[in-house]
Amino acid sequence: MTWMVRRDPLSELRGIQDDFNRLFSATIPRLFSGEDVLSGAWAPKVDIYEDQNSIVLEADLPGLKAEDFKLSIENYKLTLSGERKFEREEKGENFHRVERSYGNFTRTFTLPSTVSVDDVNAEFKDGVLRVTLPKREEVKARQISVSVKDVASGSKVKTAENK
C-alpha cells in the first residue's frame, strides 16, 4: 500500500508571514504610543578594544553631563548607570517625531582577572566616556631569549629571540 501526502510548497512561507504579522501587530502600536521611548528602554552603545597594555571601553553618552551617570567597579564588574532626561519646554511645541531614547540605563561588563582594577582611568569628553583598564604587569606579553647549545661540544652556538 502506498501513501501519498500532498505537500503545499508555500505553506512554510505562509507560516513565516503569519509570524511576522504577529510580531508587528504587537510591536508597532507600542512604538507609536511612545511607551518604549520614554520608559528607559535604552542603553548607551559601547566599543571595547584591547592593546598590549590595556583594555579600553568607549561609551557614547550624547547630551549627558558627568553628573548624569555613575561608573563603578565591584568584584571585577564594571557598571555604567545613569539617566538621560526628556527635557520638554511647554511653549506649545508640537512634536512630530521622538526617536531619541530617554530614561534610566545600566550596562554591566565582567572584567577579566588580567585587569588591574586599582589603576583604572576614565575621561569624559564631547559625549564620549573612555575607560582605560590597564593590564597587570605579570600578564603583559614579553620577549624571552633562548640560548641554543651544541650538545656535542657543550658550547653556546646562538641566541634567538622568541616573540
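Given a cut-off of 19 Å, name the pairs among LYS70/LYS135; LYS65/LYS85; LYS77/LYS125; LYS77/LYS135 whose C-alpha atoms lie farther apart than that in the structure shown. Where the Cα-Cα span goes over 19 Å, the pairs concerned are LYS70/LYS135; LYS77/LYS125. The residues packed around TYR76, meaning those with a beta-carbon under 13 Å from its beta-carbon, carry a net charge of 0 if Lys and Arg are +1 and Asp and Glu are -1. Around the amide H of VAL128, modelled in the peptide plane, lie the amide H atoms of LEU61, all under 5 Å away and 5 or more residues distant in sequence or on another chain. Given in Å, the Rg to one decimal and the Dmax to the nearest whole number for the Cα atoms of the stretch 96-155 are 24.1, 87. Fewest-first ordering of TRP3, TRP42 by other beta carbons within 10 Å of each residue's beta carbon gives TRP3, TRP42.
None of the figures in this text is laboratory data; all of them are computed from the coordinates on show. As the structure is a computational prediction, the values presented were derived from the model and not from experiment. As a convention, Cβ positions derive from the backbone with ideal geometry for all residues, glycine included, and neighbour counts pool all protein chains shown.
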